[in-house]
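Novice: What follows is a structure written as structure tokens; I'll ask about it next.
Taken together, the values in this text are just the output of simple stated rules run on the coordinates, not laboratory data. In this text the structure is predicted, and so the values were computed from the model without any measurement. Cβ placement follows ideal geometry from the backbone for every residue including glycine, while neighbour counts extend to all protein chains displayed.
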Amino acid sequence: MTIVQSLWAFLFAATVLAMTPGVDTALVLRMSVAGGKARAILAALGVAVGCLAWGALVAVGLGVLLATSSILFTTLKIVGATYLVWQGLKLLRGRRSGLQLESGVADASSGSAAGAFLKGFLTNLLNPKVGVFYVTFLPQFVPAGVDVAGFSFVLALIHVLLSFLWFAVLIALALRARAWLARPAVVAWMDRLTGIVFIGFGLKLAVARPA
């Protein structure tokens, strides 16, 4: 497989993966409605930086250590699972009557701008499955004769950029439908759904094993 063939194959696979719904999607969509455009973008940026951090770790070989060290993997997954479940419970316990928002104004429950970035960042940084995923997925697209570490990081960067572009599309769509999404019944439904997604992925992470 040549470099060009490898990149085209990875572009297709990474695009499908970026569009697959998950905890990141739920976070960005909810932040689009409750936090507005700026905070939604910051949350998506936090997700991207968290993934890129794992890509860098995998590129220098630490991801292999994570995949082979049960103690390290278990410690990190417990921290990550606890964080996701905690965030989910906060959403399920919250009682909001709706969002009375002007254009571009954030709802107080969305937290600070820095908090939006931090949520996206920690959601990925504390998830060792991201690192294990890169360890097992990226090598399939590394052609012979190239620098493995450098090319792996380039692939991780491509995946991050594709994910961020997809989040930009989701944010734009959510903002166009913001008036409807801000209705009390929809707000309650979105909070519960996002909370369930967070808890579900947290529990899934808690029982996960290295690939």
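Novice: Rounded if a/c is under 1.5, else prolate if a/b is larger than b/c, else oblate: which is the stretch 1-91, with a ≥ b ≥ c the root eigenvalues of its Cα gyration tensor?
Specialist: Working: a/c = 2.39, a/b = 1.18, b/c = 2.02.
Oblate.
Novice: Count the net charge of all other residues whose Cβ sits under 14 Å from the Cβ of residue 86, scoring Lys and Arg as +1 and Asp and Glu as -1.
Specialist: Working: positive: 90, 93, 119; negative: none.
Neighbour charge sum, excluding residue 86 itself: +3.
Novice: What lysines does residue 77 reach when the alpha-carbon gap must be under 16 Å and sequence neighbours fewer than 8 apart in one chain are set aside?
Specialist: Answer for residue 77, where 16 Å is the Cα cut-off: 129, 204, listed by chain and number.
Novice: Based on the Cβ-Cβ distance of residue 11 and residue 148, what FRET efficiency does E = 1/(1 + (r/R0)^6) give at R0 = 30 Å, to the nearest 0.05? Spell out each step's value before the answer.
Specialist: Details: r = 19 Å, r/R0 = 0.64.
Result of the calculation: an efficiency of 0.95.
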